[in-house]
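The block underneath contains the structure these notes are about, expressed in structure tokens.
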Amino acid sequence: ITGKGGIIGGRVICGHEIAAKRLGSESYIKTHLESGTDPNLKLKMEQFDQKKKILEDKFNKLLMSIQTIESEEKISRKKQKLLKKMQIARDEYSKKLAIMDNEIRRLSGYLMNLENRGSISSKYVTYPGVIMKIKNAEYDVKNEYKSVTFKYNAGMIKPNKYEPLDIEEELKRGRGMGGR
């Protein structure tokens, strides 16, 4: 790893490995790092979740309106027509929500089963304020770590001895990137 090579602040999402000389900063700036997931699918999941929340809000408001009309003792013909339209809309919302739930479950299952290696490494130092996510586990760095590789193990993120990326070894041997 050459250059300054630090990740300070912001959010980085990577499918396999994140490696830098330094992660975070001495001022403990929040730095979000995510590895071991498909960034595009992750974004798609977040978009589905947002759409689902909006749809659920509309659905719940519609249900309350239906209940209000149905609780009236006498319902005018105008309100009966409105109620029928609302019931049709309720059924459509219900179908859309079921489809969204199914798609979210399918994408979640796929993301959980990814075979990505998923690791986060810092050659020199990792500062508090770094929030890591590898696969479905999250780790909030509270202490400073020197030369460390964080890996997913049994549903948790655990710090290990620093492991250089394969490309670092290739560069040291003079291979790759224009080498022999």
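A compact table of results
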quantity	calculated
Matching entry among Leu63, Leu111, Leu107, Leu82 (being open to solvent by less than 80 Å² (accessible area, probe 1.4 Å), part of a helix (DSSP H, G or I) and modelled with pLDDT of 90 or more)	Leu63
Residues of segment 124-157 satisfying the condition of being under 25 Å from Ser108 (Cα atoms), in contact with a Gly (Cβ under 6 Å, 6 or more places away or on another chain) and outside any strand (DSSP E or B)	Lys135
Contacts under 8 angstrom Cβ, first residue in segment 5-29 being within 14 Å of Val130 (Cβ to Cβ), partner aromatic (Phe, Trp, Tyr) and crowded, with 20+ Cβ neighbours inside 10 Å, 6 or more apart	Arg22/Tyr127; Leu23/Tyr127; Gly24/Tyr127; Ser25/Tyr127; Glu26/Tyr127; Tyr28/Tyr127
Residue in segment 120-133 that is farther than 17 Å from Ala20 by Cα and charged (D, E, K, R) present	no
Residue match in segment 39-47 (condition: surrounded by fewer than 16 Cβ atoms within 10 Å (Cβ to Cβ) and not in a helix (DSSP H, G or I))	no
Pick from segment 24-38, criterion among the small types (Gly, Ala, Ser) and in a loop (DSSP other than H, G, I, E, B), ranking: most open to solvent (accessible area, probe 1.4 Å)	Ser27
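The values are calculated or read from the model by the stated rules, or taken from the named source; none is laboratory data. Bear in mind that the values here come from a model prediction, so they are computed numbers and not experimental data. Note that we place each Cβ from the backbone using ideal geometry, even for glycine, and neighbour counts take in every protein chain shown. Areas reflect the complete protein model, heavy atoms only, side chains present, ligands, DNA and RNA absent. Shrake-Rupley method; radii C 1.70, N 1.55, O 1.52, S 1.80 Å.
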